[in-house]
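Participant: This is the structure I have questions about; it appears just below.
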Amino acid sequence: MKLYRGIAVVTVAFIALLFSCESNFKDVQRINSVAFSPSGETENINLKYTDSGKVKAVLVSPLMYDYSNLEYGFNEFPKGVHVTLFDDSGKKSYIESDYAITYEKTYIIDLQGNVKITTDDGNRLETEQLFYDRKNEWFYTEKKFKFTNKEGSLLEGPGVDFSKDFKVVNAQQNRGHINNISDK
């Protein structure tokens, strides 16, 4: 009988120890977890960026999460963006993607999923991911891209970088065809 009571006492003590360890384990998990929640959430955003009194860009998105409360703050657009860029002469370029993140400290915008850029003069670029450096007004990607213009010329391949106005384009490896070449 003493042996049975001894086993019962040890079993109860072991179970109590397990429950207390479980509680401590959950506390340790909570301590090690990172509070990664947005400081703000905005629906149906229509944001205008201005410089010297001129509208430079208009960003429209159904949803934005603001993580500016973090050390390296960012804004996330999980349902995509539609951006209209204005150059100095008033010409527009349109950018759309399924998802986007803007990083404030680095001035980088990461566009992902069905990224399309269309310019006023008929140029169109399509890719799965595209970065935009706001400070230098420069786009770049290592992903496959497809560039077409209004004449139907095509350039495609992996990796490209280019200026905001498409006047400078650097393609790493590409193939394509050019239509309507004139001898001017």
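The values are calculated or read from the model by the stated rules, or taken from the named source; none is laboratory data. What you see is a predicted model, and the numbers here were worked out from it, not measured in a lab. Counting neighbours? That spans all protein chains shown, and the Cβs are built from the backbone with ideal geometry, glycine included.
Participant: What's the number of the condition Glu71 fails, among (1) surrounded by 14 or more Cβ atoms within 10 Å (Cβ to Cβ); (2) modelled with pLDDT under 90; (3) within 18 Å of the chain's Cα centre (by Cα)?
Facilitator: (1)
Participant: What are the pairs, 6+ residues apart or on separate chains, where a residue within segment 147-165 that is small (Gly, Ala, Ser) has its Cβ under 8 Å from a residue that is modelled with pLDDT of 85 or more and not in a strand (DSSP E or B)?
Facilitator: Final answer for the pair search is Ser163/Glu137.
Participant: If a residue must be at pLDDT below 95 and of a type in the set (Lys, Arg), how many such residues does segment 94-133 contain?
Facilitator: Count: 2.
Participant: Shifting gears a bit: I'd like the residue in segment 76-93 that is at pLDDT below 95 and surrounded by 15 or more Cβ atoms within 10 Å (Cβ to Cβ) and, out of all such residues, is nearest to Thr42 (Cα to Cα).
Facilitator: Taking segment 76-93 as the starting set, the residues that turn out to be at pLDDT below 95 are 83-93.
Remaining after also requiring surrounded by 15 or more Cβ atoms within 10 Å (Cβ to Cβ): 83-86, 93.
Details: Val83: 17, Thr84: 19, Leu85: 22, Phe86: 24, Ser93: 25 Å.
Among those that are at pLDDT below 95 and surrounded by 15 or more Cβ atoms within 10 Å (Cβ to Cβ), it is Val83.
Participant: Let me ask something else about it. May I ask you to list the residues in segment 125-170 that are more than 19 Å from Leu85 (Cβ to Cβ), of a type outside the set (S, T, N, Q) and not in a strand (DSSP E or B)?
Facilitator: Matches in segment 125-170: Glu151, Gly152.
Okay, residues lined up against (1) touching a strand residue (DSSP E or B) at 6+ places or on another chain (Cβ under 6 Å); (2) of a type in the set (Phe, Trp, Tyr); (3) on the phi > 0 side of the Ramachandran plot:
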| site | (1), (2), (3) |
| --- | --- |
| Ile95 | yes, no, no |
| Asp98 | yes, no, no |
| Leu111 | yes, no, no |
| Asp120 | yes, no, no |
| Tyr140 | yes, yes, no |
| Lys144 | yes, no, no |
| Asn149 | no, no, no |
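Participant: If Phe36 satisfies all but one of (1) surrounded by 10 or more Cβ atoms within 10 Å (Cβ to Cβ); (2) closer than 30 Å to Asn114 by Cα; (3) modelled with pLDDT under 85, what's the number of the condition it fails?
Facilitator: With (1) surrounded by 10 or more Cβ atoms within 10 Å (Cβ to Cβ); (2) closer than 30 Å to Asn114 by Cα; (3) modelled with pLDDT under 85 applied to Phe36, the lone miss is (1).
Participant: How many residues are surrounded by fewer than 16 Cβ atoms within 10 Å (Cβ to Cβ), assigned to a strand (DSSP E or B) and not hydroxyl-bearing (Ser, Thr, Tyr) if we restrict to segment 94-107?
Facilitator: So the count comes out to 0.
Participant: For Gly122, indicate whether it is in contact (Cβ under 8 Å) with a residue 12 or more places away in the chain and either surrounded by fewer than 18 Cβ atoms within 10 Å (Cβ to Cβ) or in a loop (DSSP other than H, G, I, E, B) (or both).
Facilitator: On the way: in contact (Cβ under 8 Å) with a residue 12 or more places away in the chain: yes; either surrounded by fewer than 18 Cβ atoms within 10 Å (Cβ to Cβ) or in a loop (DSSP other than H, G, I, E, B) (or both): yes.
So Gly122 fits the description; yes.
Participant: Okay, moving on. Out of all the residues in segment 42-85, which are among the polar types (S, T, N, Q) and assigned to a loop (DSSP other than H, G, I, E, B)?
Facilitator: Those that are among the polar types (S, T, N, Q) and assigned to a loop (DSSP other than H, G, I, E, B): Ser52, Ser68, Asn69.
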